[in-house]
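The values are calculated or read from the model by the stated rules, or taken from the named source; none is laboratory data. Quick caveat: nothing in here was measured; it's all calculated off a predicted structure. Backbone-built Cβ (ideal geometry, glycine too); neighbour counts: all protein chains shown.
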């Protein structure tokens, strides 16, 4: 028998998984593309100004050899995520969580899993992203 869905009123815990809710971005006045560009490394930003929303590149999977069409901005962010300074001690908590989720292809993660790569305490992460205000579309799954 499947477990019942949690109520919308259920308070998130340290085990609650969070993700970037892209539907939230569609409902808000904020521009996701502009925010994503802000996560690129400074040297990437100039080149990224020329990336249009429909820009794609051919990506060859190094393990399978398959060729995939990928969004050029997504590829640029994945390249930026490889840099040691993508998440630093100067990156805000919300931006750090967002960047970790970006780096992990938006795989849901709980505050305990987010703590090490963001360098923030799991309790602090939970308090910040589980309140009534939604920061940058980061929501419980």
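With 112, 94 as the choices, which residue is assigned to a helix (DSSP H, G or I) and over 23 Å from residue 74 (Cα atoms)?
Details: 94 fails: over 23 Å from residue 74 (Cα atoms).
Testing whether each residue is assigned to a helix (DSSP H, G or I) and over 23 Å from residue 74 (Cα atoms) leaves just 112.
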Going by the conditions given, is residue 77 assigned to a helix (DSSP H, G or I), buried (at least 20 other Cβ atoms within 10 Å of the Cβ), touching a helix residue (DSSP H, G or I) at 6+ places or on another chain (Cβ under 9 Å) and modelled with pLDDT under 95?
-> yes
Out of the residues in the stretch 80-115 that are within 15 Å of residue 39 (Cβ to Cβ) and touching a residue at least 60 places away in the same chain (Cβ under 8 Å), which is surrounded by the fewest Cβ atoms within 10 Å (Cβ to Cβ)?
-> 106
Which listed residue is loosely packed, with under 14 Cβ neighbours inside 10 Å and either at pLDDT below 95 or assigned to a loop (DSSP other than H, G, I, E, B) (or both), from 136, 132 | 132
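Could you check the stretch 12-68 for helices (runs of 4 or more DSSP H) lying wholly inside it with 3 or more residues that are at pLDDT 90 or above? Break it down into steps so the answer makes sense when it comes.
On the way: elements: 22-27, 32-37, 42-48.
Because the criterion is at least 3 residues that are at pLDDT 90 or above, the helices (runs of 4 or more DSSP H) in the stretch 12-68 that meet it are 22-27, 32-37.
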For the stretch 116-123, state whether one or more residues are closer than 19 Å to residue 13 by Cα, within 17 Å of the chain's Cα centre (by Cα), free of Cβ contacts under 8 Å to residues at least 24 places away in the same chain and in a helix (DSSP H, G or I).
-> yes
